[in-house]
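Following: one structure in structure tokens, then a few remarks.
The values are calculated or read from the model by the stated rules, or taken from the named source; none is laboratory data. This is a predicted model, so every value here is computed, not measured. Note: ideal-geometry Cβ built from the backbone for every residue, glycine included; neighbour counts use all protein chains shown. All accessible areas refer to the heavy atoms of the entire protein, side chains included, with ligands and DNA or RNA removed. Shrake-Rupley method; radii C 1.70, N 1.55, O 1.52, S 1.80 Å.
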Amino acid sequence: ALKEAVVSTQSTGYVDSVMSIRNLVLIACLALGVLGEDQSYNGSYRTSEGYEIEYGILNTDTYSLLLLTRPDEPAPPLLSVRHSKGDGKITLHLSGYEPITSADTEEEARMTAEFMTTNIGKSLPELSSHVFEEHGVYGYENDGMMLLHQLAMFSHNFHAEKRRKKRNVYTNDVVDVEERGNNIEDIFPAEIVEICEGELLSQHGGCSSNLAVVGGPNECEFRKDEGFIHQFEADEVAKGCYGLCGPWCTCWHQICGDCCWHPGCDQHDHYCDDPKSKECRLGKGVVYGTKGLHKC
């Protein structure tokens with residue numbers, strides 16, 4: 001029965017019943033462990049609000065798969081996302097809905113927005129951080145991990161719409177922030193410290209200490225598949241760190257593996273000059289595009 005459930009998941013990208021997905025989240029990764037231990041990850045996480053989330057992540061030569069559920073609910077929200085590496089198609093399936101692909105952007109936005117109102121959806125950013133801390137695998141290294149991180153970014157944008165979404169820095173929006181940047185005075189050049197502590201960026205979390213800036217200790221390595229990536233110049237920081245993976249100048253290093261400028265992130269940030277656009281809310285340019293899942 002397990003083999004049949006796994007084969008079904010491989011072929012369709014989603015599962016058909018509560019029982020099968022609740023089992024698969026815990027054991028499908030192990031069942032497919034012959035593909036390589038470094039390709040499968042599973043576990044559970046109790047959120048800051050006390051909810052338990054079970055997750056399963058697969059990454060093979062031909063596809064990647066993310067499974068999420070809550071075991072302590074009588075009719076838990078069930079989510080599976082599958083990325084086909086051959087044609088780049090991303091298929092999202094939420095219990096109670098028909099599966100859709102990344103080409104159906106309007107429907108995907110509506111469905112994913114509804115999922116974000118569940119306890120799993122609200123907790124995705126902290127789940128993203130936990131999974132990285134637990135397994136130490138960056139999003140750019142593993143497409144299955146990137147599927148989780150793309151949903152975490154969607155959740156952040158969805159729930160922080162009036163707080164910390166990266167947007168055109170020349171608007172006059174004033175937001176409340178819960179986080180502040182780390183102490184950077186001893187590690188960044190004085191010019192950049194002044195920018196990070198200025199009125200604009202202070203409203204949006206300041207700058208995290210792992211940000212890669214010219215004259216700072218955090219360096220960038222060239223990656224052939226991404227083109228030229230670089231440390232941020234002072235004028236780039238002043239504009240809100242377009243090209244950084246994370247909101248404004250706060251870095252989500254678990255996705256790209258560093259806190260440098262990346263082309264996919266830069267494209268997505270410019271989509272977010274219109275923060276309500278589906279391109280911004282669904283992560284176009286950094287998590288999906290005409291060729292499917294982006295690295296960074």
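Points to keep in mind about this one:
- Residue pairs meeting the criteria (Cβ under 7 Å; at least 6 apart or on separate chains; first within 20 Å of MET146 (Cβ to Cβ) and of a type in the set (A, V, I, L, M), in the range 270-287; second at pLDDT below 80 and in a loop (DSSP other than H, G, I, E, B)): VAL286/HIS294; VAL286/CYS296; VAL287/LEU293; VAL287/HIS294
- Complete set of residues in the range 169-196 that are of a type outside the set (Gly, Ala, Ser), modelled with pLDDT under 50 and open to solvent by less than 100 Å² (accessible area, probe 1.4 Å): VAL169, THR171, ASP173, VAL175, VAL177, GLU179
- Residues being at pLDDT below 90 and out of contact with any helix residue (DSSP H, G or I) (no Cβ under 6 Å at 6 or more places or on another chain) - total across the range 113-132: 7
- Residues that are part of a helix (DSSP H, G or I) and of a type in the set (A, V, I, L, M, F, W, C), drawn from the range 181-203: ALA190, ILE192, VAL193, ILE195, CYS196, LEU200, LEU201
- Every residue from the range 110-131 that is assigned to a helix (DSSP H, G or I) and of a type in the set (Val, Ile, Thr): THR112, ILE120, VAL131
- Checked against the criteria, HIS135 counts as in contact with a Phe, Trp or Tyr (Cβ under 8 Å, 6 or more places away or on another chain) and at pLDDT 90 or above.
- Hits in the range 133-158 - residues which are out of contact with any helix residue (DSSP H, G or I) (no Cβ under 7 Å at 6 or more places or on another chain) and either buried (at least 19 other Cβ atoms within 10 Å of the Cβ) or assigned to a helix (DSSP H, G or I) (or both): GLU133, GLU134, HIS135, GLU141, ASN142, ASP143, GLY144, LEU147, GLN150, MET153
- Breaking point among (1) surrounded by fewer than 24 Cβ atoms within 10 Å (Cβ to Cβ); (2) outside any loop (DSSP other than H, G, I, E, B), for ILE255: (1)
- With respect to the conditions (1) at pLDDT 90 or above; (2) under 24 Å from HIS159 (Cα atoms); (3) open to solvent by less than 10 Å² (accessible area, probe 1.4 Å), CYS260 lacks only one, and its number is (2).
- Residue list for the range 51-67, restricted to those being open to solvent by less than 10 Å² (accessible area, probe 1.4 Å) and of a type in the set (Val, Ile, Thr): ILE53, ILE57
- Among the candidates SER84, SER48, residue that is at pLDDT 80 or above, open to solvent by 70 Å² or more (accessible area, probe 1.4 Å) and within 21 Å of HIS149 (Cα to Cα): SER48
- The residues of the range 235-249 that are open to solvent by 20 Å² or more (accessible area, probe 1.4 Å) and either closer than 25 Å to LEU151 by Cα or touching a residue at least 24 places away in the same chain (Cβ under 8 Å) (or both), listed by number, are GLU236, ALA238, LYS239, TYR242.
- The residue that is nearest to the chain's Cα centre (by Cα), counting only those in the range 206-230 that are more than 18 Å from TYR140 (Cα to Cα) and either in a loop (DSSP other than H, G, I, E, B) or at pLDDT below 90 (or both), is SER208.
- Every listed requirement among (1) at pLDDT below 80; (2) in contact with a strand residue (DSSP E or B) (Cβ under 8 Å, 6 or more places away or on another chain); (3) closer than 23 Å to SER129 by Cα is met by VAL286 save one, (2).
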